Number of protein chains: 4
Amino acid sequence: MNFEFKRKFKGTISIIGTSKIDSATEKLTIELGRLLAKNHFAISCGGLYGVMEAVCKGAKMEGGFTIGIIPFEDKSKANKYIDVVIPVPFSQARNVIVVLSGDACIAIEGKAGTLSEMCFAWIYGKPIIALTGEINGWSSKMAGTRIDDRRNDTIYGAKTAQEAIEKLNEVFKSNPNITYDMPTEF
Amino acid sequence: MNFEFKRKFKGTISIIGTSKIDSATEKLTIELGRLLAKNHFAISCGGLYGVMEAVCKGAKMEGGFTIGIIPFEDKSKANKYIDVVIPVPFSQARNVIVVLSGDACIAIEGKAGTLSEMCFAWIYGKPIIALTGEINGWSSKMAGTRIDDRRNDTIYGAKTAQEAIEKLNEVFKSNPNITYDMPTEF
Amino acid sequence: MNFEFKRKFKGTISIIGTSKIDSATEKLTIELGRLLAKNHFAISCGGLYGVMEAVCKGAKMEGGFTIGIIPFEDKSKANKYIDVVIPVPFSQARNVIVVLSGDACIAIEGKAGTLSEMCFAWIYGKPIIALTGEINGWSSKMAGTRIDDRRNDTIYGAKTAQEAIEKLNEVFKSNPNITYDMPTEF
Amino acid sequence: MNFEFKRKFKGTISIIGTSKIDSATEKLTIELGRLLAKNHFAISCGGLYGVMEAVCKGAKMEGGFTIGIIPFEDKSKANKYIDVVIPVPFSQARNVIVVLSGDACIAIEGKAGTLSEMCFAWIYGKPIIALTGEINGWSSKMAGTRIDDRRNDTIYGAKTAQEAIEKLNEVFKSNPNITYDMPTEF
C-alpha cells in the first residue's frame, strides 16, 4: 500500500454530461475514460449513470481513479466504478462541487444541469472542453463560444476523445491556474 | 402590526440578472419592480447590486416586499431596499436558493451566474420570463427557447416590464404548480 | 400595501428546537411566539412542526412575521403559519441558514439538530438564549455554558418566555454585532 | 497504475477535531493516522491544519489515502498531506460533507465545529469514536453519552489511538450500515 495521488495523476478532470445516453455516446465516453486514465488524469463526476458511469467504466479498465459526487446521503448509491464517494445531498448545488473538485472540465452532451455546470466552470476559471461531432445537447451548442465577457478564452470544441485529451495535455502544460505539481514520470 | 403575507401577495418572483447595469437597464428594472409591487408580487433576488438593487428600489417605491439571498454570512451586506435578508454563504450554490425561493422567475440581461439560475428554474419547473428588447446577455438569447426536453413550454420573451407582468398574471391564474393561495382582493 | 420590515421589526430571531413536542412545551412556545411578535421581533425557523409550528402560530396570533427555512424543494411543505418560505433542500446544511437568517437565537428543548444549530450560532457570534425550567433536551443542558473559548459570554438560560424576551430586549439594546437599525417607535 | 480503492481500503473514516493543537495531541493524532493506514482505512477530514494535518501526515507515512473537504474554492489551500481535495466553499455547511464522506467518525478534542460534526454523524447513523485520556474539548465530554434518543448506542470513548483502531475494526466487522465490501486480504 503505497499510493501517492499527486505523483500518479497530473490532475483531476470533472466530467459532466447527460445521465441517459445512447450506445454511440456511451462508446465515445468509455473511450474518453480509458484515455484519461492512460494519460494520468483522475476523474470527478456526479457518480451516477449515463456519461458519469461510462467515463468511470473506461477509466477503471485502465486502472484509473474516479471520484463520485452523489446527490444522496447514502454512499452506496454511487455507480460501481467509483473509487471515492462524496455525498453532497444538496439538490442542484451538488453541481458546484462536481466542478470545483476538478482542475478542468469536459462536457459530453448535456441538459440543463450540465449547462449549469459549464456556467460554474466558466465562473471558477476552469478550462472547459466540450465534445462535438455526433454529440447533441449543450456540449455541441457551447463549443467555440464564451459564456460571458469575464474570460477571453472560449469553450474548446473537441470532435473526438483523442482530441479532448490532446487539448487537456496542452492545457496542463500551460495553464498557471492549475496548482497541482505535475510529475515528470510515473 | 397586522401583516399577512399570503393575503397581500399572489406569490414571490425570483428576479435574476446582471450585477452591473447601464442606466437604460436600470430604468427598465426599476419600472419592473414598481409593477411587481403594484400587482401584489413579492420579490426574491440575490440581495446585492445592479438588477437586484434596481428591482428592489422600484418595489419599495410602491410599498412592495423584497427578499435578498446574499452570498455572505453578514446580513448587513444586503442592499438597502431588502426587507428580509437570508445569508447563504455557499458560493455559487446560493443561486439554487434564489430560484427556489420564488414561484416564478424573471431574467434581465445576465451572465454565467444568471444562466445557471435559468437552468435551475427550468429544472425545478418554475415559469421563466426573459426580458428582451434593448436588453443584452442571456435573457435575450434564451427567450423563446427550451433549455432541454424535460419541459414542453419555452422561456417566455417579454419586450417590456408591462408585458412581463401581463404574462406573470396569466401564469398565476393558470399554473397548477403554484401552490400559494391567491387572494381575490387586497 | 405599505410594509417596511426594518421599521416594523427590531430584528429577526432564529427559533430552534425539537420537531415533536408535548403540550406543555407547545403552550410555552406559543406564548414565546406571541411575545416575540408583540415586542417587534420577526421569527426565522425551520418552517416545519413542533417548536417551529408553535412559535409561528403564536406570532401570527399577534400579527407577527415568520420565515420558514424548509429542507425541501417544494414551498408548499412549510407549516401554515409561515409568511416567507425559503427552500434549502441541503439536508442538515439547512441548519446553517436557519441560524444565519436571525440576529439572535432562542433554543427550546432540542436534539442533535438543535445542538448543531447552537454550535453554528456560537461560531457566527449570534447571542443565544436557551429555555430551561420544565424543558428537557439540549437547551437546558447548554444554558449557562460556553461551547468553546472563542467567546467570553455564555448561553443565557431563561426559565420563562417572558424572561427570554427581556434578555432579548437587553441584547438588542447593547450588542454592537446586530447591524439592523432599531426603530425607536412602531 | 492499477489502483482499486475498494480492494485496498475497508472504508473511509472521517477525522474531526481542533485546528490548533499542542504537541501531545499532535503526536497522538499522527499515531492514529499511521494506525488507520496500516489497518486499511482511508481518511476524510477538513483538509486544513491541527488534527486534520496531523492525521494525514501519519497516514501518508504509511502510504495511506487522504481526502480533504476544504471550505475554500481553491484546491491549493489544502494541507500537503491530502491526496484528493474536494472544495466545499459553503461555510459551516462543509461539516456535513466531512461527516457524510466517511463510513465512521473519530473525534479528537474539538470545539463548536467538531461538536456540530458529532451531531451530524449521530443523525446520519455513523459510528462515532471519541478520544479521551489527556484530551480536552468535546471528544472527552461526549464520550460514553448519547446525543439524543434516536440511537441506542453511545459515542465510544477510546483512551488511545490503538483502542480507537480496535473499536473501528470491531465496528467494521459488525455494522450492517456500512455498505462497502470489506476485502479479506490486501
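Coordinate-derived values only; no laboratory data. Nothing here was measured: the structure is a model prediction, and the numbers come from that model. Don't worry about glycine lacking a Cβ; one is built from the backbone with ideal geometry, like all the others, and counts go over all protein chains shown.
Shown in residue order for segment C:148-153 are the 3J(HN,Hα) couplings computed by the Karplus curve 6.51 cos²θ - 1.76 cosθ + 1.60 at θ = phi - 60°: 7, 8, 6, 10, 9, 7 Hz (x for Gly and Pro). Cα centroid separation, segment A:15-86 to segment B:107-144: 31 Å. In this assembly of identical copies, the label point of B:LYS141 (Cα plus 7 Å along Cα-to-Cβ) is separated from its counterparts by 1.0, 5.2, 5.3 nm, sorted shortest first. Taking a straight line from the alpha carbon of D:LYS20, these aspartates and glutamates sit under 18 Å away, with near neighbours fewer than eight places off in the same chain left out: C:ASP148, C:ASP149, D:GLU31, D:GLU53, D:GLU109, D:GLU117, D:GLU134. Remark on B:ILE13: its backbone amide H falls under 5 Å from those of B:ALA42, B:ILE43, B:SER44, B:ASP103, a criterion applied only to residues 5 or more positions apart or on other chains, H modelled at 1.01 Å from N.
Stretching the chain fully between A:GLU4 and A:MET61 yields a gain of 18.5 nm (0.36 nm per residue, less the alpha carbon separation).
Sorted shortest first, the separations between the C:SER76 label point and its copies elsewhere in the assembly read 3.3, 4.2, 5.0 nm; each point sits 7 Å from Cα along the Cα-to-Cβ line.
Express in nm, to one decimal, how much length is gained between B:ASN152 and B:ASN136 on full extension, taking 0.36 nm for each residue of separation and deducting their alpha carbon distance. Don't skip to the answer; put the middle values down first.
Values: separation 16, 0.36 × 16 = 5.76 nm, distance 2.53 nm.
This chain segment gains 3.2 nm when fully extended.
The other copies place their C:ALA24 label points at 4.3, 6.9, 7.2 nm from this one, listed shortest first, where each point is 7 Å from Cα along Cα→Cβ. Peptide B:107-120 is shielded by partner chain Cβ atoms: per residue, an average of 5 of them sit within 10 Å of its Cβ. The magnitude of the dipole of the protein assembly as shown, with charges of +1 and -1 set on the Cβ of Lys/Arg and Asp/Glu and taken from the Cα centre, is near 0 debye.
Counting Cβ atoms of other protein chains within 10 Å of each Cβ in B:23-34 and taking the mean gives 0. For B:ILE70, the residues 5 or more places off, or on other chains, whose built amide H falls under 5 Å of its own are B:ILE86, B:VAL88.
Chain D holds its axis-closest Cβ, relative to the rotation onto B, at the residue and whole-Å distance D:PHE90, 2. For D:GLY157, the residues 5 or more places off, or on other chains, whose built amide H falls under 5 Å of its own are D:ALA130, D:GLY144. Working from label points 7 Å from Cα in the Cα-to-Cβ sense, the A:LYS27 to D:SER23 distance is 6.5 nm.
Entry note, chain C: relative contact order of 22 percent, from Cα contacts under 8 Å with a spacing of 6+ residues. Sequentially through segment D:11-26, phi angles give Karplus couplings (6.51, -1.76, 1.60; θ = phi - 60°) of x, 10, 10, 6, 9, 10, x, 5, 8, 10, 10, 7, 5, 5, 5, 4 Hz, Gly and Pro residues having no value and appearing as x.
Over the residues of chain B, the helix contribution to mean residue ellipticity at 222 nm works out to -11000 deg cm²/dmol, using -39500 (n - 2.57) for each DSSP H run of at least 4. Once you have a ≥ b ≥ c as the square roots of the Cα gyration tensor eigenvalues for the protein assembly as shown, tell me rounded if a/c is under 1.5, and otherwise prolate or oblate according to whether a/b is larger than b/c. The shape class here is oblate. Packing-based ranking of A:77-83, B:70-76, C:111-117 yields C:111-117, A:77-83, B:70-76, ordered from highest to lowest mean Cβ neighbour count within 10 Å. Across segment B:108-121, coupling constants 3J(HN,Hα) worked out from phi with the 6.51/-1.76/1.60 Karplus curve, θ = phi - 60°, read 10, 6, x, 10, 4, x, 5, 4, 4, 5, 4, 4, 5, 4 Hz, and Gly and Pro carry x.
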